[in-house]
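First up is the structure itself, then whatever we jot down about it.
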Amino acid sequence: MKLEAVALRGLPKRLVSAGILDAEQALAILRTCAETRETFIAHVVNHDLLPASLVAQVASEEFGIPLYDLDAHDLTTCPQKVVSAELVEKHLALPLYKRGNRLFVAVSDPTNQYALTDIRFQTGSQVEPVIVEHDKLALAVERYLSANDATLAEALEGIDEEALEAVDLEAARDKGEEEGGESDAPIVRFVNKILLDGIRKGASDIHFEPYEKRYRIRYRIDGMLVDAAHPPVAVAPRLAARLKVMSQMDLSERRRPQDGRIKVRVSKSRSVDFRVNSLPTLFGEKIVLRILDASQARLGIDALGYEPDQKEAYLEALSQSQGMILMTGPTGSGKTVSLYTGLGILNTPERNICTAEDPVEINMEGINQVQVNPKIGFTFAEALRAFLRQDPDVIMVGEIRDLETAEIAIKAAQTGHLVLSTLHTNSAPETLTRLLNMGVASFNVATSVSLIIAQRLARKLCEHCREPWTDLPERVLEEEGLAALPIPREEITVYRPVGCKHCTHGYKGRTGVYEVLKISPAISRLIMEGGNSIQIAEQARREGFRTLRESALLKVARGIIGLEEANRITKD
C-alpha cells in the first residue's frame with residue numbers, strides 16, 4: 001500500500017479514492033503512460049476506460065479549476081494568432097477569449113504546467129485555465145487549426161500556371177533547386193498542409209492523382225476514400241516533384257514506379273512515417289502515401305476489438321515458446337497492427353526477435369527488423385535461413401508467399417521458435433488447406449501451426465449521433481442471424497449511422513472483427529487425415545469457434561458497428 005500511496009497522486013489518487021478506479025488499474029495505466037509518453041487523461045479517454053465528462057468533472061474538483069462546456073462555445077470567436085498553432089497542437093490548449101491582459105485557455109490536463117508557462121511566455125498575458133472534456137478539446141483544436149491554416153487558394157497564391165506547364169522536371173536534378181526559391185514556397189506550404197491534415201484526420205493513405213483536366217487529392221479515412229482538395233491541374237508536376245524530393249526519389253525518373261519514405265515530426269515525442277510510391281499514369285505521376293503511425297502499434301491488445309475468448313487464445317499462443325501463429329485477411333484488414341501488437345507483447349530484454357518484412361512499415365525499438373529485397377535475391381526464405389543462424393527466440397515473416405518460405409517457417413516453428421506470419425485467405429479454416437495446397441506436408445501443418453486469426457476492419461458507429469433502428473422488422477433480425485446470437489433478444493439493439501460534426505457520415509474510427517481458430521488435437525487429426533476446410537470448420541464450431549460473421553453480429557448487437565457495415569465486410 002505504501003508503494004501505491006507514493007505512485008498515486010493528484011487525479012489518479014482522486015479517482016481511486018472515489019471508487020471510480022481501483023489502485024491496481026490506476027497503477028497499470030500510469031505504467032503504460034510512462035512507456036507511451038501519453039498523459040493519464042488522454043489515455044483513459046482515448047481508450048474508453050472512463051467517460052471524458054466524468055474525468056473532466058473529477059479533475060475540476062481535484063484542482064479547483066472551473067469546468068467549461070466547449071459545446072456552448074463558438075470557435076469562430078476564439079482569438080486569432082494570439083497563440084501559435086504549434087503551441088496549440090503541441091499542448092492541446094485552446095485559447096477561448098481574452099479579457100484585458102487575461103487569456104482564458106481550455107485544457108483537459110491541468111497538470112501540464114509547461115503548456116501554461118509556454119503560452120504565458122509567448123503572449124505576455126496572464127493565463128487562466130479552464131477544464132474541458134478531452135475528446136471535445138481534441139476535436140475543437142483540430143477545427144481551430146484547420147480554420148486558421150492556409151487555405152488552398154492562399155497556399156497556391158503566386159503560382160504562374162502558364163509557366164508551370166512549360167517546366168521540364170527532368171532538368172531539375174538538384175534537390176536544392178526544387179526545395180529552394182520563392183516560387184516553390186506555396187507548393188511546400190500546400191504539401192505540408194495536406195500531410196498534417198491527413199495525420200490530424202486519422203487518414204491511413206493520401207492519394208495525389210493527376211487527370212487530363214483536373215487534379216484530385218484524397219484521404220482514406222476509416223477504410224473509405226474521401227476528397228480532400230482539387231488544386232489546379234497545372235501544379236501536378238510541382239506537387240510530384242516536391243513529394244519525390246521529400247521521399248528521396250530520383251527526380252529525373254518518371255517512366256518507372258519508385259518507392260521512398262518521409263518522416264514528419266509532429267511533436268517532440270511523436271513522429272510519423274510515410275511510405276511513398278510513385279506510379280507513372282497517362283497524365284502524370286500518381287503518388288500514394290501510406291501513413292505509418294507507430295502509435296497504432298502501441299494501442300494494446302484491448303483496443304483492437306478482440307472478444308474476451310479470442311484475446312485469451314491469442315495471448316496463450318504468444319506465451320508459447322514455439323509454434324506458428326498465422327494472420328489472414330485481405331490487404332488493409334489490420335493484419336500488420338495485430339502482428340505488431342503481438343510483437344510488442346513479446347518484446348522483452350530476454351528475447352531475441354527478428355522480422356523479415358516487405359517493406360518495414362513501423363520501426364520498433366528492441367526488434368531486429370530486416371527489409372527483404374527480391375531484386376538482389378534477398379527473399380523471405382533467404383532472410384529466414386539467416387535468422388536461424390542468429391539464435392532467435394521469435395521470428396516474424398511478413399508474408400508466406402511460396403512453398404520454400406512456408407517450409408523454412410514451419411521448420412523454425414518445430415525447432416523451438418515462435419513464428420508469426422500472414423497469408424492471404426478468406427477465413428481461418430481455409431488457411432490450413434492453403435498451406436496443404438502449397439505443398440506443405442499435412443503432418444508438418446498439424447504439428448507446427450498453433451493458432452490462426454482471420455480478420456477484417458469495420459467502421460465504428462459514432463457514439464454522438466448513432467440512433468436505434470426502431471422500425472427494423474423482426475424478420476430481418478432472423479434472416480441476418482442476430483436472433484441466433486447467444487444474447488437475450490431484449491438486450492439486442494441495432495443502431496444505424498446518422499452523421500454529425502464529430503464524425504464522417506455517421507462513422508468514427510474502426511475496430512477489428514476476428515475469427516480465431518485454435519489447432520486442437522481433434523483438428524490436427526483431421527488435417528492429417530486430409531480433411532478439407534469445411535470439415536475443419538465444422539469441427540472447430542463444435543469446439544466453440546466463432547466465424548467472422550458471428551463476431552461482426554456480436555458487435556452489431558452491442559451497438560459498436562451497424563448492420564450494413566457487418567454485411568459489407570462479411571457477406572460475399
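The values are calculated or read from the model by the stated rules, or taken from the named source; none is laboratory data. Keep in mind that this is a model prediction, so the values were computed, not measured. Virtual Cβ from ideal backbone geometry, glycine too; neighbours counted across all protein chains shown. For accessibility, only protein heavy atoms count, side chains too; no ligands or nucleic acids. Shrake-Rupley method; radii C 1.70, N 1.55, O 1.52, S 1.80 Å.
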Practice problem: Could you tell me whether residue 41 is assigned to a loop (DSSP other than H, G, I, E, B) and either among the β-branched types (Val, Ile, Thr) or surrounded by fewer than 18 Cβ atoms within 10 Å (Cβ to Cβ) (or both)? | Solution: no
- Within segment 533-540, is there a residue that is within 23 Å of the chain's Cα centre (by Cα) and either aliphatic (A, V, I, L, M) or modelled with pLDDT of 90 or more (or both)? no
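Yes or no, residue by residue, for (1) open to solvent by less than 40 Å² (accessible area, probe 1.4 Å); (2) more than 29 Å from the chain's Cα centre (by Cα); (3) closer than 17 Å to residue 514 by Cα; (4) modelled with pLDDT of 90 or more:
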| position | (1), (2), (3), (4) |
| --- | --- |
| 412 | yes, yes, no, yes |
| 424 | no, no, yes, no |
| 485 | yes, yes, yes, no |
| 489 | no, yes, no, no |
Filtering segment 70-105 for residues that are among the aliphatic types (A, V, I, L, M), closer than 15 Å to residue 120 by Cβ and either out of contact with any strand residue (DSSP E or B) (no Cβ under 9 Å at 6 or more places or on another chain) or open to solvent by 20 Å² or more (accessible area, probe 1.4 Å) (or both) leaves a count of 2
Considering residues that are charged (D, E, K, R) and under 24 Å from residue 303 (Cβ atoms), the number found within segment 427-462 is 3
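Residues checked against (1) closer than 24 Å to residue 478 by Cα; (2) β-branched (Val, Ile, Thr); (3) surrounded by 15 or more Cβ atoms within 10 Å (Cβ to Cβ); (4) modelled with pLDDT under 90:
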| residue | (1), (2), (3), (4) |
| --- | --- |
| 518 | no, no, yes, no |
| 522 | no, no, no, no |
| 552 | yes, no, yes, no |
| 555 | yes, no, yes, no |
| 560 | yes, yes, yes, no |
Those residues of segment 303-319 which are crowded, with 16+ Cβ neighbours inside 10 Å and of a type in the set (D, E, K, R) amount to 307, 311
When segment 337-370 is checked residue by residue, the ones that are at pLDDT 85 or above, aliphatic (A, V, I, L, M) and farther than 15 Å from residue 36 by Cα are 337, 339, 343, 346, 353, 356, 367, 370
Those residues of segment 182-230 which are more than 17 Å from the chain's Cα centre (by Cα) and in a strand (DSSP E or B) amount to 207, 208, 209, 210, 215, 216, 217, 218, 226, 227, 228, 229
Among the residues of segment 106-120, is there at least one that is of a type outside the set (Gly, Ala, Ser), open to solvent by 30 Å² or more (accessible area, probe 1.4 Å) and in contact with a strand residue (DSSP E or B) (Cβ under 7 Å, 6 or more places away or on another chain)? yes
Report yes if residue 411 is of a type in the set (D, E, K, R) and farther than 19 Å from residue 326 by Cα, otherwise no.
no
Considering segment 443-478, residues that are surrounded by fewer than 19 Cβ atoms within 10 Å (Cβ to Cβ) and β-branched (Val, Ile, Thr), and then whichever is modelled with the highest pLDDT, we arrive at 447
Counting only residues that are at pLDDT 85 or above and either surrounded by fewer than 16 Cβ atoms within 10 Å (Cβ to Cβ) or in a helix (DSSP H, G or I) (or both), segment 46-58 contains a total of 8
Of the residues in segment 491-506, those that are modelled with pLDDT of 85 or more and buried (at least 19 other Cβ atoms within 10 Å of the Cβ) come to 494, 495, 497, 506
Checked segment 320-359 for anything open to solvent by 30 Å² or more (accessible area, probe 1.4 Å) and more than 20 Å from residue 428 (Cβ to Cβ); matches are 321, 322, 344, 345, 347, 348, 349, 350, 351, 352, 358, 359
